[in-house]
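These notes concern the structure reproduced below.
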Ligand SMILES: [Zn+2]
């Protein structure tokens, strides 16, 4: 039915669309799908030309409007989110699991790297000594490629790793190991003096 009055025609369409909302939605969905490229292009063009001006002019209304929209659709949005979570629960859980695993991998990689540094090795050694009920009082400072050798159950000196390794017997026995190191240096005094000398060299 043709209207002469434009406003009446508009009202008619509005009412019609409201009454046939599913049909209308489907129609606009189809239309959008078919003309997507063009619509987006038009929007982009319009935005580039007018949006800033439009926004400045209607700022208050736009803010009010989006606030209103949020208020009106809060329940629906929540519902939608809940539904999304429910139907994608498996994927979401999978995603979080993967995230945790990846991070574990990274942190274990980092730990591995740290354990290979001088500082890392030192911490590991100290923890091991604690378990063995050995003290960590050092009579000299650590230098590169040195090992901490206990001269008794409380104190020790940093000596070259190579010498320390040389003095390990097949079956690790604390007593024979200490005797061997002592034999290598000749005396405890010489061992400590030599170790302190090496610390100075590298300091
Ligand atoms: Zn030792």
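The values are calculated or read from the model by the stated rules, or taken from the named source; none is laboratory data. Everything numeric in this text was worked out from a predicted model, so none of it was measured. Here the Cβ is made from the backbone with ideal geometry for all residues, glycine too, and neighbour counts use every protein chain on show.
Screening residue 129 with (1) surrounded by 15 or more Cβ atoms within 10 Å (Cβ to Cβ); (2) in the same structural domain as residue 196 (by TED's automatic domain parsing); (3) assigned to a helix (DSSP H, G or I) gives one miss only, at (2).
Can you pull out the residues in the stretch 144-161 that are over 20 Å from residue 128 (Cβ atoms) and touching a strand residue (DSSP E or B) at 6+ places or on another chain (Cβ under 9 Å)?
None - no residue of the stretch 144-161 is over 20 Å from residue 128 (Cβ atoms) and touching a strand residue (DSSP E or B) at 6+ places or on another chain (Cβ under 9 Å), so the list stays empty.
Might you check whether a residue that is within 29 Å of residue 111 (Cα to Cα), loosely packed, with under 13 Cβ neighbours inside 10 Å and within 14 Å of the ligand (Cβ to nearest atom) occurs anywhere in the stretch 180-191? No, there is no match, as no residue in the stretch 180-191 is within 29 Å of residue 111 (Cα to Cα), loosely packed, with under 13 Cβ neighbours inside 10 Å and within 14 Å of the ligand (Cβ to nearest atom). Just one of the numbered conditions (1) part of a helix (DSSP H, G or I); (2) within 15 Å of the ligand (Cβ to nearest atom); (3) surrounded by 11 or more Cβ atoms within 10 Å (Cβ to Cβ) is not true of residue 65: (2).
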